[in-house]
Amino acid sequence: MESEDDMIDDSVSMEDDFYSGDLSYCYDDDPNDNDNDYYFDDDNDYGLLEDDDDDDQDAIVSRRPQLSYTVLKEADIKQRQEDDISKVSTVLSISRVDATILLRYYNWSVSKVHDEWFADEGRVRQSVGLLERPTVQVSNARELTCGICFESFLRDNITSVACGHPFCLSCWRGYISTTIYDGPGCLSLRCPDPSCNAAVGKDMIDKLATSEEKEKYSRYLLRSYVEDNRKTKWCPAPGCEYAVDFTVGSGNFDVSCNCSFSFCWNCTEEAHRPVDCETVAKWILKNSAESENMNWILANSKPCPKCKRPIEKNQGCMHMTCTPPCKFEFCWLCLGAWAEHGERTGGFYACNRYEAAKQEGVYDEAERRREMAKNSLEKYTHYYERWASNQLSRQKALADLHQMQTVHLEKLSDLQCTPESQLKFITEAWLQIVECRRVLKWTYAYGYYLPEHEHAKRQFFEYLQGEAESGLERLHQCAEKELNKFVTGDGPSKEFDDFRAKLAGLTSQIVPRGTGSGMIVNVFSDSNSAAFLFYSVTKNYFENLVRALENGLADVDSQAAAACSKTTSSKNTGGTSKTRGGRGKGSSKSGGSGRNVDDTSN
């Protein structure tokens, strides 16, 4: 019987925001601060609201997605561990030491412990090593013999665990010290007697170990609570000591640690939604593997006919000389010995032997392999360059975000005579830039592995990717270039309200009517509050892109099936009809000709 906290639902929720997680850690302000009446957080979902009987103040709804995880500090981990130990100890009426051993054996799953214990307590005790009575009857003699060193000691210098096997304190200390310094295996410590399965608990460690050994044991126990628990993992960022507790059944695996590092809880790689973990693993392996080196060698070199070492042609002449000690001279075109070339072969610079052999098909296979390698290298280079460029842009945006929060916001607040709480729309824009760069970066890994023969899907993907990229470039330029003149200005600017409206529009935020001009998409109004302008640009493009990729670009197949069905129906009725390409679920235009800001893929 599997308990709830041992099951992980891999289903993906299509309604989740495309952000990798809660980024509120980037703010220094109180998250409950309601002084800012000019914007709503951009990681909310917006849309036209249905009429209802709610209060007028609820007409504009901020729907922040529920976090699927909890970031834990060391104190939080200890508290949870203590709570679980207390819970098991109370329910099963056993000591806290025995409860710790049980939880450790069942990977800190409280429900699993309860299920197994009440199903067959005797079997659990035998498996775990929690003996109810001693297996060895010790005599009442004044002195006892240690089972390790075979020396006789007074009873006060002999101790044992539940099994009753007697060992002297000195041997116990040596045994415990050795296992603790060997590593986390000390958490599964058993009686020193080879035939005994009795568990050695923390009480024995506290009694006999040194303070340094106790500290190590406690550290191992704490780490075990995270590393052995299927719902909890350490943040993989270097030097980070936070852990993440993941909620069972959550579809989005991207989480953001308090150290500001975002990662995928499922594979612990960098956050990569909407691309699946398998694609990410293949892409990372390809980036680090030697396959592309071989492709470059195949595409740009030829083997020396004598020693077979690959040679790159770095001059215009066809006369090649291999490096020492080979020094073989040959023709680059036909790979024949240079001594056999001359006027009778068509001249030194036009090898007719090669041309004749090529016409006869002698070089077809080698040329085909070289051409395939060249095409493969060009395709990989195309996607890798754009993947890496967006990674660099994201890192720069993170640095700019930090600079904005620590320096520029305060300065801008003084220059424009505006409270910092009303300048959060700038931070919102930079947060969106950072996350959009991450999403866009991984779409290039997705595009690389998109099958070449699926032309409709590739065209639809490139269209959505191009729309998202162009929107992001507009937003990034506005936040980076246009904001700079206000930061470096000498005083308040009349154009700042227009800039506020433009930047808010590009980040899909809500601003009150009258704060500036911009692209108006929807107008929210009610009888008691001012009308609000709703802008929707960059975020919508990326939500469309994420939704389409998580659907596996299934909209293309459904549109094609619908068009085919409509055409067949028209033919059967003997009439003629014109079909019009329906809009994809995630697009705002017909998925006809794709447009990509950077370039088109091969």
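When each of Ala198, Ala243 is tested for being over 29 Å from Leu131 (Cβ atoms) and of a type outside the set (D, E, K, R), the lone residue that passes is Ala243.
In a residue-by-residue description of segment 178-189, the property of being among the charged types (D, E, K, R) and in contact (Cβ under 8 Å) with a residue 12 or more places away in the chain applies to no position.
Looking at segment 174-224 only, could you name the residues that are surrounded by 15 or more Cβ atoms within 10 Å (Cβ to Cβ), closer than 23 Å to Glu241 by Cα and not β-branched (Val, Ile, Thr)? Result: Pro184, Cys186, Leu187, Glu213, Lys214, Lys216, Tyr217, Tyr220, Leu221, Leu222, Arg223, Ser224.
Rundown of residues vs (1) modelled with pLDDT under 50; (2) loosely packed, with under 15 Cβ neighbours inside 10 Å, yes/no style:
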| residue | (1), (2) |
| --- | --- |
| Ser493 | no, yes |
| Phe496 | no, no |
| Ala504 | no, no |
| Gln509 | yes, no |
| Met519 | yes, yes |
| Ser525 | yes, yes |
| Leu533 | yes, no |
| Asn540 | no, no |
| Leu545 | no, no |
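When segment 428-450 is filtered for residues that are in contact with a Phe, Trp or Tyr (Cβ under 9 Å, 6 or more places away or on another chain) and of a type in the set (Val, Ile, Thr), the ones remaining, listed by number, are Val439, Thr443. A residue that is in contact with a His (Cβ under 9 Å, 6 or more places away or on another chain), surrounded by 16 or more Cβ atoms within 10 Å (Cβ to Cβ) and either touching a residue at least 60 places away in the same chain (Cβ under 8 Å) or assigned to a loop (DSSP other than H, G, I, E, B) (or both) occurs somewhere in segment 146-157. Taken over segment 96-109, the criterion of being open to solvent by less than 40 Å² (accessible area, probe 1.4 Å) and free of Cβ contacts under 8 Å to residues at least 40 places away in the same chain is satisfied by Ala99, Leu102, Leu103, Tyr106. Pairing each residue of segment 116-144 that is under 23 Å from Tyr106 (Cα atoms) and in contact (Cβ under 8 Å) with a residue 40 or more places away in the chain with any residue that is assigned to a helix (DSSP H, G or I) and hydroxyl-bearing (Ser, Thr, Tyr), provided the two are 6+ apart or on different chains, yields C-beta distances under 8 Å for Val128/Tyr105. Screening segment 354-395 for residues that are of a type in the set (Ser, Thr, Tyr) and at pLDDT 70 or above and picking the one that is most open to solvent (accessible area, probe 1.4 Å) gives Tyr384. For segment 247-262, the criterion of being part of a helix (DSSP H, G or I), among the hydroxyl-bearing types (Ser, Thr, Tyr) and open to solvent by 30 Å² or more (accessible area, probe 1.4 Å) is met by none of the residues.
Is there a residue in segment 117-139 that is at positive phi and either under 41 Å from the mean Cα position of the chain (by Cα) or part of a helix (DSSP H, G or I) (or both)? Looking for residues that are at positive phi and either under 41 Å from the mean Cα position of the chain (by Cα) or part of a helix (DSSP H, G or I) (or both), one finds at least one in segment 117-139, hence yes. Of everything in segment 114-160 that is in contact with a strand residue (DSSP E or B) (Cβ under 7 Å, 6 or more places away or on another chain) and aliphatic (A, V, I, L, M), the residue that is farthest from Leu189 (Cα to Cα) is Leu154.
The requirement of being under 22 Å from Leu392 (Cβ atoms) and out of contact with any His (no Cβ under 7 Å at 6 or more places or on another chain) is satisfied by Glu469. Can you spot a residue in segment 162-176 that is over 43 Å from the mean Cα position of the chain (by Cα) and of a type in the set (Phe, Trp, Tyr)? Yes, some residue in segment 162-176 is over 43 Å from the mean Cα position of the chain (by Cα) and of a type in the set (Phe, Trp, Tyr).
Can Asp84 be described as among the acidic types (Asp, Glu), under 21 Å from Leu221 (Cβ atoms) and touching a residue at least 12 places away in the same chain (Cβ under 8 Å)? Against the criterion (among the acidic types (Asp, Glu), under 21 Å from Leu221 (Cβ atoms) and touching a residue at least 12 places away in the same chain (Cβ under 8 Å)), Asp84 qualifies. For Glu292, the conditions (1) assigned to a helix (DSSP H, G or I); (2) open to solvent by 20 Å² or more (accessible area, probe 1.4 Å); (3) at pLDDT below 80; (4) not aromatic (Phe, Trp, Tyr) are fulfilled apart from (2).
The values are calculated or read from the model by the stated rules, or taken from the named source; none is laboratory data. Bear in mind the structure is a predicted one, so any value in this text is a computation, not a measurement. Cβ atoms come from the backbone with ideal geometry, glycine included; neighbour counts cover every protein chain shown. Ligands, DNA and RNA are excluded from the accessible area calculation, which covers all protein heavy atoms including side chains. Shrake-Rupley method; radii C 1.70, N 1.55, O 1.52, S 1.80 Å.
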